[in-house]
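The values are calculated or read from the model by the stated rules, or taken from the named source; none is laboratory data. Since this is a predicted model, take the numbers as computed values, not measurements. Virtual Cβ from ideal backbone geometry, glycine too; neighbours counted across all protein chains shown. Note: areas computed on protein heavy atoms with side chains; ligands, DNA, RNA excluded. Shrake-Rupley method; radii C 1.70, N 1.55, O 1.52, S 1.80 Å.
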Amino acid sequence: MDLKKKLDFIGKKDVFYIFAGLFLLALAASGMQFSNSAPEVTFGEEHVVVNLTVEKPDAVLNENVSVRQNSTVFHVLNSTYDVEYTEYDFGYFVTSINGLSQNDTHSWLFYVDGEMPSTSVDNYRLSDSANVTFRYSAEQPY
């Protein structure tokens, strides 16, 4: 059987599928990965730097965090520390940071530029150079 007859036996459609399969196999072997999700940061996206302080009874943690413009206080905290929270009708209330949980006498209160906001952590949008403080406090938040 000569080469022409062998090629006639394999249709053009079959050849296309063979090459497409080999191409996908080569991509997989080279380590490329495909994802349906959008990237976290895109070119030209504005960022702000926020000073985040967590005041615990035995230590004060301080981080400068770069986040997308219009990020919330919750996003900054949650992207930096291990956070637990309770969701209410008004928004999120932080109940634990890095394993230190609220109890009958203490809770986590937050301040932005020294002031206690009148909104929840997931509703407060930050501007550049904001100073956010979470304080483990015996004060009552209301």
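Among the residues making up the range 121-139, those that are open to solvent by 10 Å² or more (accessible area, probe 1.4 Å), closer than 23 Å to His47 by Cβ and small (Gly, Ala, Ser) are Ser127, Ser129. Flag: Leu109 matches the condition of being within 21 Å of Asn64 (Cα to Cα), touching a Pro at 6+ places or on another chain (Cβ under 6 Å) and open to solvent by less than 20 Å² (accessible area, probe 1.4 Å).
Please verify whether Thr95 is out of contact with any helix residue (DSSP H, G or I) (no Cβ under 8 Å at 6 or more places or on another chain), at pLDDT 95 or above, among the hydroxyl-bearing types (Ser, Thr, Tyr) and buried (at least 16 other Cβ atoms within 10 Å of the Cβ), treating the condition exactly as stated. Answer is no for this residue. Scanning the range 28-81 for residues that are surrounded by 12 or more Cβ atoms within 10 Å (Cβ to Cβ) and either modelled with pLDDT under 50 or in contact with a helix residue (DSSP H, G or I) (Cβ under 7 Å, 6 or more places away or on another chain) (or both) yields Val50, Leu52, Glu63, Val65, Val67.
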